[in-house]
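*Asks:* Have a look at the structure that comes next, please.
The values are calculated or read from the model by the stated rules, or taken from the named source; none is laboratory data. Since the structure is predicted, the reported quantities are computational estimates derived from the model, not experimental observations. With ideal geometry, Cβ positions are generated from the backbone for all residues, glycine too; neighbour counts draw on all protein chains shown. These accessible areas exclude ligands, DNA and RNA; they are computed on the full protein's heavy atoms, side chains included. Shrake-Rupley method; radii C 1.70, N 1.55, O 1.52, S 1.80 Å.
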Amino acid sequence: METTLVLLKPDCVAGRKVGEVIKRFEDAGFQIRGAKMFVPGAEILKEHYAHLLAKPFFPDLEAFMQSTPVVALALASENAVERVRTIIGPTDSKKADPGTVRGDFGVDVMVNIVHASDSNENAAIELKRFFAPDELFDYAMHYTTTARSAEPVH
Ligand code: IDP
Ligand code: MG
């Protein structure tokens, strides 16, 4: 099993697509090992987008990423890194096929609904960046209940 890091970006949150995008991952069999909402600070964005710091669009990217809270997800499955990248499609939403998350909901190359780790090495780094150890859960995908009554609880 692998775990990968997904961020639901401000266009996803503001566009009310959080449920739809999470549904796609759940329907594809991913386990949610962690979930949280926050506005990413300047320092964390500089780290997270270090490979883009020198680009002229970096200030716009930072402003975009701070324009609403984002939702971070830790998603687990076999081959999670590669499977999530396939489900979301390529960076440029306009080049993403229909049926992919970015193809269906993204606007352009910056405004593209989701971030996802691109390698296992980066997934490990990014999970640490956005989740404390006690915010990541290992659990079986079944539940128990000790309730005995079939009557609804009022
Ligand atoms: P990825 O998100 O598909 O891994 P990266 O190249 O790592 O793509 O870029 C990170 C994010 O930076 C993209 O998802 C997008 O929001 C933004 N970005 C990347 N390239 C451009 C660009 O050429 N113009 C504007 N924004 C970009
Ligand atoms: Mg990337």
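*Asks:* Looking only at region 20-51, count how many residues are of a type in the set (Gly, Ala, Ser) and farther than 24 Å from THR100 by Cβ.
*Replies:* 3
*Asks:* Here's another thing I want to ask about it. Which of the residues spanning region 45-70 are without any contact (Cβ under 8 Å) to a residue 40 or more places away in the chain and closer than 15 Å to LEU5 by Cα?
*Replies:* Of everything in region 45-70, those that are without any contact (Cβ under 8 Å) to a residue 40 or more places away in the chain and closer than 15 Å to LEU5 by Cα turn out to be LEU45, TYR49.
*Asks:* Pull up region 64-108, narrow it to residues that are open to solvent by 60 Å² or more (accessible area, probe 1.4 Å) and part of a helix (DSSP H, G or I), then point me to the one that is farthest from ligand 2 (Cβ to nearest atom).
*Replies:* Here the answer is ASP104.
*Asks:* Just to be sure I understand, how many residues within region 123-154 are surrounded by 10 or more Cβ atoms within 10 Å (Cβ to Cβ) and free of Cβ contacts under 8 Å to residues at least 12 places away in the same chain?
*Replies:* Of the residues in that region, 3 qualify.
*Asks:* Please go through region 71-100 and give me each residue that is more than 22 Å from ALA28 (Cα to Cα) and touching a residue at least 12 places away in the same chain (Cβ under 8 Å), ordered by number.
*Replies:* The answer is ASP92, LYS94.
*Asks:* Moving to a separate point now. All but one of (1) more than 10 Å from ligand 1 (Cβ to nearest atom); (2) in a loop (DSSP other than H, G, I, E, B) hold for ARG129, so report the exception by its number.
*Replies:* Condition not satisfied by ARG129: (2).
*Asks:* Check whether at least one residue in region 14-22 is open to solvent by 10 Å² or more (accessible area, probe 1.4 Å), outside any helix (DSSP H, G or I) and more than 17 Å from LEU73 (Cα to Cα), and report yes or no.
*Replies:* Checking region 14-22: at least one residue is open to solvent by 10 Å² or more (accessible area, probe 1.4 Å), outside any helix (DSSP H, G or I) and more than 17 Å from LEU73 (Cα to Cα).
*Asks:* In region 37-53, how many are closer than 20 Å to VAL13 by Cα and not in a loop (DSSP other than H, G, I, E, B)?
*Replies:* So the answer is 6.
*Asks:* Name the residues in region 94-117 that are within 14 Å of ligand 1 (Cβ to nearest atom) and either aromatic (Phe, Trp, Tyr) or out of contact with any strand residue (DSSP E or B) (no Cβ under 9 Å at 6 or more places or on another chain) (or both), would you?
*Replies:* LYS94, LYS95, ALA96, THR100, GLY103, PHE105, VAL107, ASP108, VAL109, MET110, VAL111, ASN112
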